[in-house]
Amino acid sequence: MEERVYNSDLSYSKEAKKCLLHRIFGQVPARLVLYLLSWSGFLVSFMMRNDINLAIVAMVAEPQHDTNSSAEYCFVVESNNATVITDYGGTLDWSSSVQSYVLASFYWAYIVSQLVGGLATQKLGTKKVFGYAQLVTAMASLSIPAAAETHYGLVIALRFIQGFASGLTWPAMYALVGHWIPVPERSRFMSSFQGFSIGIGITYPLCGFLIASKGWQSVFYTTGSIGVAWCIIWYLLAFDSPETHPRISLREQKYIRENTVNTYEKTRQQQVPWKAILTSKPAWSIGLTTFGRIWVHYTFIISGPLYMKRILGFSIEKNGLLNGAPFICSYVASVFFCYIADKILTGNYMSLTNLRKLMTALSQVVPGLLVPLVSYLGCDIEWVLVVWFTAVTLITASYAGAMANIVDIAPNFAGPVLAFAQTIHMTASFLSPQANFHMLENKVHLMSAWRTVFYVCCSVGCVTYISYQMWGTGDIQPWNYPPGEGDSKEVEELVTTPDSENGVPNGKGVVLVSKGVNGNSTVYFPVNREDNNTA
């Protein structure tokens, strides 16, 4: 464990005062640096995770098709040799089953590593777990080209390793939120997790360009190298808590302490209440509802490039651009949704529970209903892309909904709770592509086959939301606290009240109301406008 930089009186050590680097970078809010690290970390992680989704359509040789067998696709076929114009020059002879295993193998280990990530983060801290996980993923990416030329089994093994390593990152970063981010800023900070949308949005166009100009092997060399470079930056700038950060200002550290309900040291000593988590209806509701969102999301992420190649007939560059662009839009939307969520909450326009349910419904029920429209729009490319963009954009509202709800119900154990929820909902990440490939086997050029895929996607997204509507809550659960404290801190709500009512001068103060079986107790956290540097 890293040594404390600050003494109990919150004064700088002499070494910190003398260091020019500390004086320069100490002016930058540590929460802003953490936001950027989180944002870029998920961006890089999803670049290495999703590069193969587009690359595989160029890696695998295009099968021959009978020109008279079907007219359910939008591209034309050259009559002389029956070679489609969307042949990307692949050379690997991988069947549909092999391709589904290559794409899904990442998520087999990803599921297993969720609980490992929660436990490892609780013991080792986010810096080590997140950093080493990214490094392993990057090294595996660099090895994929050689493995693919040797045997597909090696690619499956490398993707399995990548999945295990990447599965550690989400619990690790979630655990950091409760220690670093004040309650009024949490929804906004959660938008940093949407760096993954930028990662996907950048990866697909980048892959299209690299494949067209330098071959599919360059995709993995590029993403792997970016991953290694990011790990160096993370090692230099990331810290597990405000107490161990060498450059944070005393003003910011005080603000964080006054507006968080847990501390890094205290939670490191607590045992994870696994029995309570495993029997918690709110925790189960988060896992079940996001199972549906992941199914919808991964239909776009994994099956999207194949649909754009086999049905719409796009070139590799256009395929990459149009698959990536919606995810750029979704990042902008995630910032908007999280900002609006914070405003609704602090303005007391809606309860925390109802707010989370609204955002969750918007993120999976509406996109789920839009998916079948894609097949009925057929070859009307403009409208297909409008629906496609809208659905992918709305999915990100979940980060102001069920995903942010993880920190709401258990700020002290956000990492373990996320690990539990992800163990449930990330099964959709490998079930979705395998189910889709099964439904599309030998019928990948048929619009009717894709319609079946989209109807299944719609059903899963809408039905799984019911569990969250029934059991979802914004209340902190009693098992979040050490034994003896749960009866007095069962529920904590963030509200704002005029300072004239609570003795806080100049504006509005943040009020944390703790509701327990023995009645209510209220703690006022005055917000110094100069201290409130939003990440």
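The values are calculated or read from the model by the stated rules, or taken from the named source; none is laboratory data. None of these values were measured; they are calculated from a predicted model. In case anyone asks, the SASA skips ligands and DNA or RNA and just uses the protein heavy atoms, side chains included. Shrake-Rupley method; radii C 1.70, N 1.55, O 1.52, S 1.80 Å.
For the stretch 320-469, the share of accessible area belonging to carbon and sulfur comes to 71 percent (1.4 Å probe, ligands and nucleic acids excluded).
In this structure the amide hydrogen of TRP94, modeled in the peptide plane, comes within under 5 Å of the amide hydrogens of ALA61, none closer than 5 places in sequence on its chain. Note that the stretch 181-323 presents 32 Å² accessible area per residue, ligands and nucleic acids not counted, probe 1.4 Å. Across the stretch 119-127, coupling constants 3J(HN,Hα) worked out from phi with the 6.51/-1.76/1.60 Karplus curve, θ = phi - 60°, read 5, 5, 5, 4, 9, 9, x, 5, 4 Hz, and Gly and Pro carry x. Residues whose amide H falls under 5 Å from that of ILE476, counting only those 5 or more places apart or on a different chain, are GLU492, with hydrogens built in the peptide plane. Ordered by solvent-accessible area of protein heavy atoms (1.4 Å probe), largest first, the residues VAL387, VAL456, VAL112 come out as VAL112, VAL456, VAL387. ASP475 contributes about 50 Å² of solvent-accessible surface, heavy atoms of the protein only, 1.4 Å probe. For VAL60, the solvent-accessible surface computed with a 1.4 Å probe is close to 10 Å², ligands and nucleic acids excluded.
Just check the stretch 325-453 against the gyration tensor rule for me: Cα atoms, a ≥ b ≥ c as the square roots of the eigenvalues, rounded for a/c under 1.5, and otherwise prolate or oblate depending on whether a/b exceeds b/c. Since a/c reaches 1.5 but b/c is at least a/b, the shape of the stretch 325-453 is classed as oblate.
Residues in the stretch 206-217 carry Karplus couplings, in order, of 4, 4, x, 5, 5, 5, 5, 9, 10, x, 5, 4 Hz; the curve used is 6.51 cos²θ - 1.76 cosθ + 1.60 with θ = phi - 60°, and Gly or Pro positions show x. Applying a threshold of 32 Å to the alpha-carbon distances of LYS318/LYS357; LYS123/LYS214; LYS127/LYS309; LYS128/LYS254 flags LYS318/LYS357; LYS123/LYS214; LYS127/LYS309 as lying beyond it. Solvent-accessible area of PHE300, all protein chains in place: 10 Å² (probe radius 1.4 Å, heavy atoms, ligands and nucleic acids excluded). Divided by 2.2 N^0.38 Å, where N counts the residues, the Cα radius of gyration of the stretch 325-399 comes to 1.24.
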